[in-house]
Amino acid sequence: MTETTYLEAIRQGIWEEMERDDRVFLIGEDIGALGGPFRVTEGMQARFGAERVIDTPISEQAIVGAAAGAAHMGLRPVCEMQFIDFIACAYDMLTNYVATARYRAGLRTPLVVRGPSGGYVRGGPFHSQNPEAAFLHTPGLKIVCPATARDAKGLIKAAIRDEDPVLFFEHKYLYRRVKEELGDGEEILTPIGQARIARGGTDLTIVTWSAMVWKALEAAERLAVEDGLSVEVLDLRSLLPLDEAAIVASVRKTSRVLVAHEDTRTGGVAGEIIARINELAFEWLDAPARRVAAHDVPLPYAPTLEDFVLPQTDDLVAACRWLATY
Amino acid sequence: MTSPQRVTPPPAGLTGVQLLDLYYWMRLTRSLEERLVSLHRQGKVVGGLFRSLGQEGDSVGSAYALDPGDILSPLIRNLGSMLVKGATPLEVLRQYMAKAASPTAGRELNIHFNDLERGFLGQVSPLGAMVPVMAGIALYFKMTRQPRVGLVYVGDGAMSTGAFHEGINFAAVQRLPLVVVCENNGYAYSTPARLQTAAERLVDKAPGYGIAGVRADGNDVVATYEVTREAVRRAREGGGVTLVELMTYRRKGHAEHDDQRYVPPGEIEAWEGNDPIDRHLARLRTEGWATEPDIAGVDARVRRELDAALAQCLDEPFPDASTALAGVYADPPAAPVEWYRRAAG
Ligand SMILES: Cc1ncc(C[n+]2csc(CCOP(=O)(O)OP(=O)(O)O)c2C)c(N)n1
């Protein structure tokens, strides 16, 4: 069997849903003949036609707004942001219109907004962002951030089938670096809102998601070898809704927890997670819950600067050691 | 010295020196990009590389129409405009290579840098954003009654953004001294202009905003200069905004990695015969506005300047990691070092 990359897994997931349900259509910039800058939608316009794979003007508000209207009428749009940084241009549509539609107006708006996010690629301030925190504060949206090829496929399919709007943040650093065997003919669906134990452990938990899962696994391995520590890595997969039960279960088991994310610290998602741990599992903690996040600056371009600003495996190791000896 | 056969009076109020100058800026732009291509192949350019091959005429001609004190904001393919406004090849090379000594100290890429004194405000990536910002600069000129002009570039793609619409509309309502130059190069990444707008011509949008609109051959550097000069004059005299559509063609991919699979066969080749530099050179020669030694002199000067710039910066270091946290705010002067770095010692 051949291995499927994270990128190919997303492509397969979309493809399968397009085959399965003719209400599903794609809308975005350069997704047709080009297949998108990273080729996630490669071949789709040729297969499904220009009516179901729509190349739009450079108009993120129109992409999301039109998707919302079509979704109200029963279609299932999948929007591509060419780089997720430009989701900011559709922020008003997503937060004021889409997220509130069901609650305030009883409107169903099953749509997906997906796109390449994340750093470690020398993309500079506008091609490296992780916008999950900006949307976590918006009831009505769901947010998923896959780390593995299996979940990339399973979550894009689940997102497309979901009755509510889902933001699907795929990590461009993982596109071609992460691959695994995905069973032939197996229907992969990852439930939204369920975390996954990426590595079991008993001494300490790292709660994380997306590309940081891989750094956490590296750190866990090093700590096992060098320190004899048993580190559990919890891959959240979904941020909204958040799998509180999985977080609490892991914290009860290990009593020490680190929350790690690639986005900047202040106002970041780790703050919310640690608040929940404090509310739900305080008595089980043997050390303060701590977070590793990027430094509070826009992400710079030069390799030396980017490497400094973003959390690295060494940082996770240092933070875990601090927690383990607290 | 070869003396010209005949000399036609220079067009558009330009002198012979200025006509040669236009050649210099176009040649400098193209040669600088060629140097960047080889640096990119050697892995010295940290991020992507964006070319303006075949579009040097519209960048240079339009920027040349500005006076000192005027301010422009480029898009990704307006390297030539930046150079005309005083950005140096050394700065551009350093930016692409993320050098510590680059104008943004390695924080930002390519031509995303500014010097308001020299008269350029670098763009951000989100397209269209610079239109309202440049409207604000023009608003300042108007409020302080200074006879200065702002010029902002958009592509056929960037014109589809909400920010473009809000910015140009605001500038129009306020009758601001702003020139909006649309570089219509046929494509936005892979998307042809006909999928950006149902209007037959982008300039047809001007009447909808209640502003002047004019279209010119962007591969004719003199024609570009002439129409932009007129728009700049109108802006300076209180006549408000002009939309200038310059017709050109993007002969290279969106960036160096783009294989242009979406371009119909033969199209690029057809435009190779409509090269702005070749066309200007041919006119310089046939109209007798420049001699062969003049032209060779420009070529040698460009080579010399680029050699010197490259020699100066090639081996310079990246910025030191310790500089990463400064300058998010005026106060506090730096973001804190995260606890896990201090824990690591
Ligand atoms: C708001 C926004 N959406 C998407 C992009 C991604 N993007 C970068 S350049 C580009 C095409 C730009 O086309 P155009 O404005 O015509 O300029 P050209 O590249 O042709 O010079 C796109 C879609 C972006 N930078 N900003």
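The values are calculated or read from the model by the stated rules, or taken from the named source; none is laboratory data. These numbers come from a predicted model, not from an experiment. Here the Cβ is made from the backbone with ideal geometry for all residues, glycine too, and neighbour counts use every protein chain on show. With ligands, DNA and RNA removed, areas are computed over all heavy atoms of the protein, side chains included. Shrake-Rupley method; radii C 1.70, N 1.55, O 1.52, S 1.80 Å.
Residue ranking by accessible heavy-atom surface, 1.4 Å probe, largest first, among A:Phe48, A:Phe38 comes out as A:Phe38, A:Phe48.
Only helical runs count toward this figure. For the protein assembly as shown, summing -39,500 (n - 2.57) over DSSP H runs of n ≥ 4 and dividing by all residues gives -11500 deg cm²/dmol at 222 nm.
Take A:Ser238: with every protein chain present and a 1.4 Å probe, its accessible area is about 0 Å².
GNM on chain B, alpha-carbon springs under 10 angstrom: the most fluctuating residue among B:Gly57, B:Gly273, B:Gly155 is B:Gly273. Pairwise Cα distances in chain A exceed 24 Å in 53 percent of cases. Ranking B:Asp67, B:Asp259 from most to least accessible surface, computed with a 1.4 Å probe over the protein chains only, gives B:Asp259, B:Asp67.
Put a plus charge on the Cβ of each Lys and Arg, a minus charge on the Cβ of each Asp and Glu, and nothing anywhere else: the dipole of chain B about its Cα centre is then about 460 debye.
Across the stretch A:196-324, the convex hull enclosing all Cα atoms gives 97 Å³ per residue. Would you mind computing the Rg to Rh ratio of the stretch A:100-183 from its alpha-carbon coordinates, Kirkwood style for Rh? Rg divided by Rh gives 1.03.
Near B:Pro276: Cβ cut-off under 13 Å, other residues only, Lys/Arg at +1 and Asp/Glu at -1. The net charge is -1. Toward the positive end of the charge dipole of the protein assembly as shown, with +1 on the Cβ of Lys and Arg and -1 on the Cβ of Asp and Glu, the farthest Cα among A:Gly271, A:Gln45, A:Met212 is that of A:Gly271. Summed over both chains, the contact between A and B buries some 3700 Å² of accessible surface at a probe radius of 1.4 Å. Rolling a 1.4 angstrom probe over the protein heavy atoms with all chains in place gives chain B an accessible area of 40 Å² per residue.
Taking amide H as placed 1.01 Å from N in the peptide plane, the amide H of A:Val297 sits under 5 Å from none that are at least 5 places away or on another chain. Here the Karplus relation 6.51 cos²θ - 1.76 cosθ + 1.60, evaluated at θ = phi - 60°, turns the backbone of the stretch B:298-303 into coupling constants of 5, 4, 5, 4, 4, 4 Hz, with x for every Gly and Pro. Around A:Ala281, with a cut-off of 15 angstrom between Cβ atoms, what is the net charge of the other residues, counting Lys and Arg +1 and Asp and Glu -1? Overall, the nearby charge balance is -2.
Proximity of backbone amide H atoms, modeled 1.01 Å from N, is registered between B:Tyr153 and B:Ser73, B:Leu75, B:Val181 at under 5 Å, excluding neighbours fewer than 5 places apart on the same chain.
Under 14 Å Cα-Cα from A:Lys172, which aspartates and glutamates qualify once same-chain neighbours fewer than 8 residues away are excluded? Straight-line reach from A:Lys172, under 14 Å: A:Glu8, A:Glu80, A:Asp85, A:Glu262. Nonpolar atom fraction for the stretch A:196-324, defined as the carbon and sulfur part of the 1.4 Å probe accessible area, stands at 51 percent. Extending 7 Å from Cα along the Cβ direction at A:Glu19 and again at B:Ala199 yields two label points whose distance is 4.4 nm. Spin-label pair B:Glu272-A:Asp92: with each label point 7 Å from Cα along the Cα-Cβ axis, the two points sit 4.6 nm from one another. Comparing Cα centroids, the stretch B:276-331 and the stretch A:103-129 end up 38 angstrom apart. Here r is the Cβ-Cβ distance between A:Arg47 and A:Glu181 and R0 is 25 Å; the resulting FRET efficiency, rounded to 0.05, is 0.55. Per-residue extension of 0.36 nm, minus the Cα-Cα distance of B:Val337 and B:Glu117, leaves a gain of 75.8 nm for this segment.
In the stretch A:25-40, the residues whose accessible area drops by at least 10 square angstrom when the other protein chains are added to the isolated chain are A:Asp30, A:Ala33, A:Leu34, A:Pro37, A:Arg39; the probe is 1.4 Å and only protein heavy atoms count.
Across the stretch B:232-238, coupling constants 3J(HN,Hα) worked out from phi with the 6.51/-1.76/1.60 Karplus curve, θ = phi - 60°, read 5, 4, 4, 4, 5, 8, x Hz, and Gly and Pro carry x. Backbone geometry of the stretch A:297-302 corresponds, through the Karplus equation with coefficients 6.51, -1.76 and 1.60 at θ = phi - 60°, to 3J(HN,Hα) couplings of 9, x, 6, x, 8, 4 Hz, x marking Gly and Pro. Look at the stretch A:312-318: the mean tally of other chain Cβ atoms within 10 Å of its residues' Cβ atoms is 3.
So which residues in the stretch B:146-160 end up with at least 30 square angstrom less accessible surface once the other protein chains are there, compared with the chain by itself, probe 1.4 angstrom? With the partner chains in place, the stretch B:146-160 has these residues losing at least 30 Å²: B:Ser160.
Here's the picture: a label point sits 7 Å out from the Cα of A:Glu244 along the beta-carbon direction, and within the stretch A:274-309 the residues with their amide nitrogen under 11 Å of it are A:276-281. Given the options B:Thr144, B:Thr286, B:Thr29, state which has the largest fluctuation in a GNM of chain B using a 10 Å cut-off (strictly under) for Cα springs. Maximum fluctuation in the GNM of chain B, among the listed residues, is at B:Thr144.
If R0 is 51 Å, the Cβ-Cβ spacing of A:Val121 and B:Val17 corresponds to a FRET efficiency of close to 0.65. For the residue pairs B:Lys85/B:Lys205; A:Lys215/B:Lys44; A:Lys142/A:Lys253; A:Lys157/A:Lys179; B:Lys44/B:Lys85, the alpha carbons lie more than 21 Å apart in B:Lys85/B:Lys205; A:Lys215/B:Lys44; A:Lys142/A:Lys253; B:Lys44/B:Lys85.
Here the stretch B:1-107 exposes an accessible surface that is 55 percent carbon and sulfur, computed with a 1.4 Å probe and the other protein chains kept in place.
For the stretch B:172-284, the residue among B:Val232, B:Asn274, B:Val221 whose Cα projects farthest onto the positive side of the dipole built from Cβ charges is B:Val232. When the alpha-carbon atoms of the protein assembly as shown are used, the pair Rg, Dmax equals 27.1, 95 angstrom.
Residue ranges B:219-225, A:228-234 sort as B:219-225, A:228-234 when ordered by packing (mean number of other C-beta atoms within 10 Å per residue, highest first).
Amide H to amide H, with H built 1.01 Å from N, A:Val207 comes under 5 Å of A:Leu234, A:Leu258, A:Val259, A:Ala260, counting only residues 5 or more places away or on other chains. Taking label positions 7 Å along the Cα-Cβ direction at both A:Gln194 and A:Arg104, the computed distance is 3.4 nm, reported to one decimal. Take each residue of peptide B:11-18, count the partner chain Cβ atoms within 10 Å of its Cβ, and average: the result is 0. Residue by residue along B:316-322, Cβ atoms of other protein chains within 10 Å of the local Cβ number 4 on average.
Return the single residue from A:Ala62, A:Ala198, A:Ala46 with maximal mean-square fluctuation; model: Gaussian network over chain A, springs between Cα atoms under 10 Å. Answer for the Gaussian network model of chain A: A:Ala46.
At a threshold of 30 Å², the residues of the stretch A:55-91 that become less accessible to a 1.4 Å probe in the full protein assembly than in their chain on its own are A:Asp55, A:Pro57, A:Ile58, A:Phe86. PRE reach from A:Ala275 (point 7 Å along Cα→Cβ): which of the stretch A:236-260 fall under 18 Å by backbone N? Under cut-off, by backbone N: A:239-245, A:247-248, A:259-260. Among B:260-271, A:169-180, sorting by the average number of other beta carbon atoms lying within 10 angstrom of each residue, highest first, gives A:169-180, B:260-271.
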